[in-house]
Amino acid sequence: MSKNLVIVESPAKAKTIEKYLGKDFKVLSSVGHIRSIAKKTKDGTPPIDVKNGFKTTYEVDPEKKKVITELKKAVKTAETIWLATDEDREGEAIAWHLCEVLKLDPATTNRIVFHEITKTAIEEAVKKPRTVDMHLVQAQQARQILDRIVGFELSPVVWQKVPGGKSAGRVQSPAVRLLVEREREITAFEGSYQFKVTAIFTYDKEEFKAELKQRFKTEEEARAFLESLKDATYTISDITKSPSTRNPGAPFTTSTLQQEANSKLGFSSKATMSSAQKLYQEGRITYMRTDSVNLSSQAIAAAADYIKRLYGHEYSTVRKFKTKSANAQEAHEAIRPTDMSREDVSGSEYDQKLYDLIRRRTLASQMSPAKLEKTTATITISTAKEIFEAKGEVIVFDGFLRVYGGGKDDTLLPAFASGDNVNQYSVEARQVFARPPARYTEGSLVKKLEELGIGRPSTYATIINTVQARGYAVKGENEGTPRDVIVLQLIENDVDREVVQEKTGSDRGKLVPTPAGELIADFLGDHFEQVVDYGFTADVEAYFDQIAANNLDRNKMLSTFYGPFHALIEQSGGIDRSKVGSSREVGVDPKTGKPILARFGRFGPMLQMGATEDSDKPTFAPMPRGAKIETVTLEQALEAFKLPRTVGQTPDGQEIKANVGRFGPYIQVGKLFVSIKDVDPRDITLDQALEAYSAKLKTEAEKNIADFGTVKVLNGRYGPYITDGKKNAKIPKDVDPKTITEADAKKLLKETPAKKATRRAPRSSKK
């Protein structure tokens, strides 16, 4: 029996802490949240009673029952209980739920928090316990209740009114809107080009590069300029040197860590936070969910000592960074190593890379600025009024670049003087195109969300992961498409023209909204503007902060949101599903005279030949690659309708056809239909078709245990069962489904009561 019981939320954290506290302490884990808002209640009342002060019914996670039993047993034998969950709102809420389930008084139970899992930090926390902060708990409750209300009330509207709609979330929806708006900016971008002139000169056998300050709008102008250089001489007319300094960035917050890990290491937000969580639980870094850029005085002193010992006193400059966010209340420090001198950590290669990034960034923040000298040389042309500029940069003192952000070679210019002549080696005029706005990466989206005040450190990774999991955005894999580029070169007093190719429009690694994402963003913008409004979403986050600071009543805040939101839900019954999503008539099929429509179907954009209300059923075709509802041409559409297509035959001589139906692309063999939603039916090969067919036959064989004609014994999602197509019967656990006879099956069906028909209450609507 231990005198003291410490409860944390992570098993890894529990192991680390227990070794610091000694034999009088036993440390157990709740393994995360133990309760959540119930999906439904026993008496049929709503889990969130809006009319009764948003009273919420919670239920214990079924998978946590064993954990709770162990915790209850340990609580009975311990003299003192310590709740040591994370220091943010989620951690505070877990501590409160533990009090509720374990019958502890939150007003008297010891609550301890620490920003790092080190012996010193934990011992200090034990000396200064507090109780559960109910204001933080209420802020977390407000977020969870609001998110559940939006999901519970809005998602059914999305299912009913939006083709292919899956869900809508309070914070994920503005994120999708950001992606969609950026994509449309790219689509609407009107490309332009100029000709940029660069030259390579030589001086005293040294080569250096220079660029013409002027750019030309047309090929003719660029050619005329190059022609004017045939007998030109070049003179250094001016040299300017200017010292400059470069300062290090602040230590990492959650947001900047995700941005930098994405940019420098290629980590997703989810992977970054998963790795950071491990490092924190192992005691290697401080808490990884934070808005703060502050470092403790001890950390600053440790960094300064390490920098002086390793690099010298001139490399050390003590800095205190100021947190920009006025609401940075969830943590007290930036993300930093707990031991500045430690270079290696145990764990995976990913953990090591992230730790190294955090450590170098922290050390750099306490190092001296880099000192640079920039040189600009102006080069005049004897035969033209335009001028070239050559720029160089020398690092005089590397400072913080010694550990972070360095690696670039100095750009040196020759030791020429004003009035010296330089020789032309080559001159090139290259066509350069204006760039459209860049698509968001995970890192740049996190940065944008933070700028707008949407989300908090604990939610960024979840937001981005949810957007992709719902199919509203995907990581791009396109390397770009070839584009012709005109290059003019002055070679031996002749202007040579060459057309080369470069790739443009690559979306590899970028977040690209899907057609479903565009559709849901438009739907919410048209009918639930409040949900996707950036300012409103940011205001809600600020309200949570006010609740946490005891400056705003939880229920008052929830009521302010719920009233207008619920009114929109009630009005949604009048939304015409057929008018949701863009639809346009592409043209008329010359063979049948039927109209061809481009519209959004259950599985995304598609083409439809024939009107839905016609006596003949319409036929369908997939949207051609790269085409959209707004841009697809009649020629592309007619090509798409060259289906069904005979792919080949099965080994037993059956014909395989590829086609597209109401539910997406498929192959057909006899009466068997096989979905091929990830393959274009116009391109599917015989090998691919046979592989899909074989997999389907295997699945069917595994599914069918016995077939008695009308009555079948099947393997289902929840185990084996009997069906006659109208009624299902469970098979007793002690009965082997393979031994069931036709008579047994019919008897079980007869004994199973008919399922009561459930009728959804009609949705009220205001018109």
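The values are calculated or read from the model by the stated rules, or taken from the named source; none is laboratory data. Note that the structure is predicted; figures quoted are calculated from it, not measured. Cβ sites come from the backbone with ideal geometry, for glycine too, and all protein chains shown count toward neighbours.
Quick check: is even one residue across segment 60-67 in contact with a helix residue (DSSP H, G or I) (Cβ under 8 Å, 6 or more places away or on another chain) and either modelled with pLDDT of 90 or more or not in a helix (DSSP H, G or I) (or both)? Within segment 60-67, one or more residues are in contact with a helix residue (DSSP H, G or I) (Cβ under 8 Å, 6 or more places away or on another chain) and either modelled with pLDDT of 90 or more or not in a helix (DSSP H, G or I) (or both). Note on segment 189-203: residues that are surrounded by 12 or more Cβ atoms within 10 Å (Cβ to Cβ), under 23 Å from residue 438 (Cβ atoms) and of a type in the set (Ser, Thr, Tyr) total 1.
Inside segment 85-108, residues that are part of a loop (DSSP other than H, G, I, E, B), surrounded by 20 or more Cβ atoms within 10 Å (Cβ to Cβ) and either of a type in the set (Asp, Glu) or modelled with pLDDT of 95 or more (or both) make up a count of 3. Where strands (runs of 3 or more DSSP E) fall entirely within segment 410-527, those with at least 1 residues that are under 21 Å from the mean Cα position of the chain (by Cα) are at 473-475, 511-513. Looking at segment 123-152 only, could you name the residues that are part of a helix (DSSP H, G or I), over 31 Å from the mean Cα position of the chain (by Cα) and not small (Gly, Ala, Ser)? Residues satisfying the conditions are 123, 124, 126, 127, 134. Filtered by the rule that a residue be part of a strand (DSSP E or B) and basic (Lys, Arg), segment 220-273 gives 241, 246.
Of the residues that make up segment 158-180, is at least one free of Cβ contacts under 8 Å to residues at least 24 places away in the same chain and under 27 Å from the mean Cα position of the chain (by Cα)?
Yes - at least one qualifying residue is present in segment 158-180.
Looking for whichever is outside the structural domain of residue 334 (by TED's automatic domain parsing) and within 17 Å of residue 122 (Cβ to Cβ) here; the options are 14, 78, 74. Which one fits?
14
Suppose we keep only residues that are surrounded by fewer than 16 Cβ atoms within 10 Å (Cβ to Cβ) and either touching a strand residue (DSSP E or B) at 6+ places or on another chain (Cβ under 9 Å) or without any contact (Cβ under 8 Å) to a residue 12 or more places away in the chain (or both) within segment 568-581. Which one would you say is nearest to residue 601 (Cα to Cα)? Among them, the one singled out is 578. The residues listed here are 246, 223, 284; of these, the one that is within 18 Å of residue 333 (Cα to Cα) and of a type in the set (Lys, Arg) is 284. Restricting 628, 617, 594 to those that are in contact with a helix residue (DSSP H, G or I) (Cβ under 9 Å, 6 or more places away or on another chain) and in the same structural domain as residue 667 (by TED's automatic domain parsing) reduces the list to 628.
Looking only at residues in segment 684-728 that are small (Gly, Ala, Ser) and assigned to a strand (DSSP E or B), the one that is nearest to residue 602 (Cα to Cα) is 716. The single condition among (1) at pLDDT 90 or above; (2) closer than 17 Å to residue 572 by Cα that residue 160 does not meet is (1).
Residue 222 passes every criterion in (1) of a type in the set (Gly, Ala, Ser); (2) buried (at least 23 other Cβ atoms within 10 Å of the Cβ); (3) closer than 24 Å to residue 395 by Cβ apart from (3).
Scan segment 540-551 and give yes if some residue there is without any contact (Cβ under 8 Å) to a residue 60 or more places away in the chain, out of contact with any Gly (no Cβ under 6 Å at 6 or more places or on another chain) and under 18 Å from residue 170 (Cβ atoms), otherwise no.
Checked segment 540-551: at least one residue is without any contact (Cβ under 8 Å) to a residue 60 or more places away in the chain, out of contact with any Gly (no Cβ under 6 Å at 6 or more places or on another chain) and under 18 Å from residue 170 (Cβ atoms).
Just one of (1) hydrophobic (A, V, I, L, M, F, W, C); (2) out of contact with any strand residue (DSSP E or B) (no Cβ under 9 Å at 6 or more places or on another chain); (3) in a loop (DSSP other than H, G, I, E, B) fails for residue 301. It is (3).
A count restricted to segment 663-683 and to residues that are in contact with a strand residue (DSSP E or B) (Cβ under 6 Å, 6 or more places away or on another chain) and more than 21 Å from residue 699 (Cα to Cα) stands at 1.
For segment 468-488, a residue qualifies if it is out of contact with any helix residue (DSSP H, G or I) (no Cβ under 8 Å at 6 or more places or on another chain), farther than 25 Å from residue 177 by Cα and of a type outside the set (Ser, Thr, Tyr), and the qualifying residues are 482, 483, 484, 485, 487.
Any chance segment 103-122 includes a residue that's of a type in the set (A, V, I, L, M, F, W, C), farther than 24 Å from residue 337 by Cβ and in contact with a strand residue (DSSP E or B) (Cβ under 9 Å, 6 or more places away or on another chain)?
yes
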